[in-house]
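Trainee: I'd like to ask you about the structure that follows.
Derivation of every value follows stated rules applied to the coordinates shown; laboratory data play no part. Remember, predicted model here, so these are calculated numbers, not experimental data. In this analysis, Cβ positions are derived from the backbone assuming ideal geometry, glycine residues included, and neighbour counts consider all displayed protein chains.
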Amino acid sequence: MKGIFIDASDALAEVFTRMRRADDPPCHVNEDADIPASALPGLIAGYDYVIDDHTALPTETMRQIPGVKHIVFLGTGARSYMDPEALAELGITVHTIKGYGDTAVAEHAIALMWAAARNIAAMDRAMRQGEWLRTEGMQLTGKTVGLLGFGGIAAEVARIAGGGGMRVIAWNRTPREAPGVEFVDLDTLLGESHVLSIHLLLNDETRGFLSAKRLAQLRPGAILVNTARGALVDETAMIDGLRSGRIAHAALDVFDIEPLPPAHELTTLPNVTLSAHSAFRTPEASDTLIRRALDIAKSVAQG
């Protein structure tokens, strides 16, 4: 059984080389990270499994490559790049990797929250342009952070925020319990959170979950943090809320379209802090991610 890592960046290719072991199944590493759908059949033909970082794998394209039986997606958001159920009908199993970067993503969410609360990005931009901009920020100690969805990442955010003196509340689609976390209904979460941090998985039920109606329920002046998926939020309604000031600030690592297009409206708003879908990017998380992908490939090869 042999596979191909179809879209390894230079950094991930280096991690892959370092983390692979002698008893791992053969895997070719392709370091072209930008692959059009038309090139996929020629690239993947002859391989049994595919490791995929961020390349879209359309069902009709994969139908042309009958030898592939497994796709190992590097992360949890495979649905943003493929249709797992449709691929299953073709006999292709999609594997995802959970938990590899919980601490990394949580720390990034906390960093975005603090940067938004104190307007760090706005002051930085102004100072680079020769302006001495001094702004009044939000003191977070004693404030309420609401967690929309509660999995491994949210649990880490709760740990860090609670240690920082914040009240932590959460809503999850299925019942949960966690030390130091008060689980509430959705209306309470939206209405009481000074900071709302999004931690839902993206699927057909959660796409657009933070609709215009739900965004209007946010506590006036709330900060919105998203390190999950851009499509969970109605982007137009969020921008309207930012322009009106009802949403005080949005701190975003994920977007409807990635990379974020130049001159996108979000880049023009002063009350937005942006990062380039990098919350999970730490050496520790990357090592764990690649090793788990290889472990999945080994397990598949062993039957």
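Trainee: Out of everything in the range 41-77 that is out of contact with any Asp or Glu (no Cβ under 8 Å at 6 or more places or on another chain), surrounded by 21 or more Cβ atoms within 10 Å (Cβ to Cβ) and free of Cβ contacts under 8 Å to residues at least 40 places away in the same chain, what residue ends up being nearest to N30 (Cα to Cα)?
Mentor: Selected residue: L57.
Trainee: If E31 meets every condition in (1) part of a loop (DSSP other than H, G, I, E, B); (2) buried (at least 18 other Cβ atoms within 10 Å of the Cβ); (3) not small (G, A, S) apart from one, which number is that one?
Mentor: Failing condition for E31: (2).
Trainee: Scanning for something closer than 25 Å to E284 by Cβ and assigned to a helix (DSSP H, G or I), does the range 63-84 turn up at least one residue?
Mentor: Yes, because at least one residue in the range 63-84 is closer than 25 Å to E284 by Cβ and assigned to a helix (DSSP H, G or I).
Trainee: Among what's in the range 108-150 and is among the aromatic types (F, W, Y) and part of a loop (DSSP other than H, G, I, E, B), pick the residue that is surrounded by the most Cβ atoms within 10 Å (Cβ to Cβ).
Mentor: Of all residues in the range 108-150, those among the aromatic types (F, W, Y) come to 114, 132, 150.
Next cut, part of a loop (DSSP other than H, G, I, E, B) only: 132, 150.
On the way: W132: 7, F150: 23.
Across the range 108-150, the extreme among qualifying residues is F150.
Trainee: Check the range 16-28 and report whether any residue there is in contact with a Ser or Thr (Cβ under 8 Å, 6 or more places away or on another chain) and touching a residue at least 24 places away in the same chain (Cβ under 8 Å). I'd like the intermediate steps shown before the answer.
Mentor: Taking the range 16-28 as the starting set, the residues that turn out to be in contact with a Ser or Thr (Cβ under 8 Å, 6 or more places away or on another chain) are none.
Among the residues of the range 16-28, not one is in contact with a Ser or Thr (Cβ under 8 Å, 6 or more places away or on another chain) and touching a residue at least 24 places away in the same chain (Cβ under 8 Å), which makes the answer no.
Trainee: Could you check the range 34-55 and list, in sequence order, the residues that are farther than 14 Å from K2 by Cα and part of a loop (DSSP other than H, G, I, E, B)? Can you show your working first?
Mentor: Here is the first cut: in the range 34-55, the ones farther than 14 Å from K2 by Cα are 34-42, 52-55.
Within the range 34-55, D34, I35, P36, D53, H54, T55 meet the criteria.
Trainee: I need a count of the residues in the range 85-102 that are part of a helix (DSSP H, G or I), in contact (Cβ under 8 Å) with a residue 12 or more places away in the chain and not hydrophobic (A, V, I, L, M, F, W, C).
Mentor: First, the residues of the range 85-102 that are part of a helix (DSSP H, G or I): 85-89, 102.
Retained after the next criterion (residues that are in contact (Cβ under 8 Å) with a residue 12 or more places away in the chain): 86-87, 102.
Filter once more, so that each one left must be not hydrophobic (A, V, I, L, M, F, W, C): 102.
Number of matching residues: 1.
Trainee: Scan the range 2-19 for residues that are more than 15 Å from V72 (Cα to Cα) and touching a helix residue (DSSP H, G or I) at 6+ places or on another chain (Cβ under 9 Å) and report the count.
Mentor: Of the range 2-19, the ones more than 15 Å from V72 (Cα to Cα) are 9-11, 13-15, 17-19.
Then drop every residue that is not touching a helix residue (DSSP H, G or I) at 6+ places or on another chain (Cβ under 9 Å), which leaves 11, 15, 18-19.
Of the residues in that region, 4 qualify.
Trainee: Among the residues of the range 80-103, is there at least one that is under 23 Å from L196 (Cα atoms) and in contact with a Pro (Cβ under 9 Å, 6 or more places away or on another chain)?
Mentor: No, the conditions are met nowhere in the range 80-103.
Trainee: Restricting to the range 1-19, count the residues that are crowded, with 17+ Cβ neighbours inside 10 Å and part of a loop (DSSP other than H, G, I, E, B).
Mentor: Total satisfying the criteria: 3.
Trainee: Report whether or not V105 is out of contact with any Cys (no Cβ under 8 Å at 6 or more places or on another chain), in a strand (DSSP E or B) and within 29 Å of E156 (Cβ to Cβ). Step through it out loud before you land on a result.
Mentor: Working: out of contact with any Cys (no Cβ under 8 Å at 6 or more places or on another chain): yes; in a strand (DSSP E or B): no; within 29 Å of E156 (Cβ to Cβ): yes.
Spelling it out, it is not the case that V105 is out of contact with any Cys (no Cβ under 8 Å at 6 or more places or on another chain), in a strand (DSSP E or B) and within 29 Å of E156 (Cβ to Cβ).
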